[in-house]
Amino acid sequence: MNHSSIQMAITIAVVAVIFALRFRGMTRERPFKLELIWIMPALLVAAMVAVLLQFPPHGLDWAWLAAIFAVGAAIGWWRGKLMPIAIDPETHVLNIKPSPAAILFLLGLFVVRFALRALIESEASAWHVSAALITDGFIVLGVGLLAVSRVEMGLRAWGLLREARAAKAAA
């Protein structure tokens, strides 16, 4: 077994454990802290910027990264919509229940990522694609996906909270 196969086996095992733990906790609702929703997107964007500043892309690489971010953002918006958010009409407490569809969606993205990574790494020289662009692309895709899913959930939660407050004030 070569180094690459061992690394892939370890990664798959870690991802499998993480997803198994996530599926186990899917039966219960968790409090949705709307006031803290901005922290994860801010940290992700800051980390992405720090990585991109270390070895800045050149020329058309920026256009590719913008397109990849847009794809990640679209996927993230869709993933965010899969997460059900509930509000108690009396107390206005928000709760979120992780969606099995959202978790399966992420699992599917990991599978696609591994397949694409293997394909691109084997064909990168023929396509004249740098390893740095591939790495930056995966980072930008992940940030777009995770940050925008939080933005979508935050906007939807704010709307639910506004509606609940308006209904309580009208009653």
Report LYS33's accessible area, 1.4 Å probe, all protein chains in place, as a number in Å² to the nearest 10. 110
Gain in span if fully extended, VAL51 to ALA67, counting 0.36 nm per residue against the direct Cα distance: 4.0 nm
Per 0.36 nm of contour for each residue apart, how much would the distance between ALA42 and ASN2 grow if the chain were fully extended, relative to their Cα-Cα spacing? 10.6 nm
Rounded to the nearest 0.05, what FRET efficiency is calculated for LEU21 and TRP78 with R0 set to 35 Å and r the Cβ-Cβ distance? 0.90
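Show SER5, SER149 ordered by accessible area, largest first, where the area counts protein heavy atoms only and the probe is 1.4 Å. Before the final figure, lay out each step's value.
Values: SER5 50, SER149 0 Å².
Final ranking, largest accessible area leading: SER5, SER149.
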Could you check the spin-label model distance between LYS33 and TRP158? Points 7 Å from the Cα along Cα→Cβ, value in nm. 2.0
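The values are calculated or read from the model by the stated rules, or taken from the named source; none is laboratory data. What you see is a predicted model, and the numbers here were worked out from it, not measured in a lab. FYI the Cβ positions are ideal-geometry reconstructions off the backbone, even for glycines, and counts take in every protein chain you see. For the accessible areas, the whole protein counts, side chains as well, though only heavy atoms, and no ligand, DNA or RNA atoms are used. Shrake-Rupley method; radii C 1.70, N 1.55, O 1.52, S 1.80 Å.
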